[in-house]
1. For the chain, taking Cα atoms only, what is the radius of gyration to one decimal and the Dmax to the nearest whole Å?
2. Kindly write out, for region 82-94 in residue order, the coupling ³J(HN,Hα) from the Karplus curve 6.51 cos²θ - 1.76 cosθ + 1.60 (θ = phi - 60°), rounded to whole Hz, with x marking Gly and Pro.
3. Points 7 angstrom from Cα along the Cβ direction at VAL51 and ASP123: gap in nanometres?
Amino acid sequence: MTYRPDTHSKLFGYLLWIFGFLGAHRFYYGKPVTGTIWFFTFGLFLVGWIVDFFLIPSMDEQADRRFRAGAVDYNIAWLLLTFTGVFGLHRMYMGKWITGIIYLLTGGLFLIGILYDFWTLNDQISERNSEIIFS
């Protein structure tokens, strides 16, 4: 059996699931398309939201296999994006100081940058963790 680092947390996933009718947990687990669908349909009219309660363990396992662990912690970055995204703290945490300052001065690049980060944050962190390991 191969060891897989725990990049994502089931506890954090379930906390985001509380707001899951807005797709938060799906974005967290690297499913931006269905996260967007959940956002616009209130969790597929709450039916998908209820089903997701039982799917979170498998989504967590898939995310652990898909994304690279490293110095940048997914949970901290997602917490910073979710609650302080307009200030760019999640980008500064990842070492992206210039774009972090731009977000700070422009309100998350006029909110468009925050939407972009909801779609791509897991990949950004995975890439950053690869850079840190190989540098």
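Just so you know, all these numbers are worked out from the coordinates, no wet-lab data involved. Here the structure is a predicted model, which means the values were calculated and not measured. Using ideal geometry, Cβ is built from the backbone for each residue, glycine included, and neighbour counts are taken over all protein chains shown.
1. 14.8, 48
2. 5, 9, 9, x, 5, 8, x, 5, 5, 6, 5, 4, 7
3. It is 2.5 nm.
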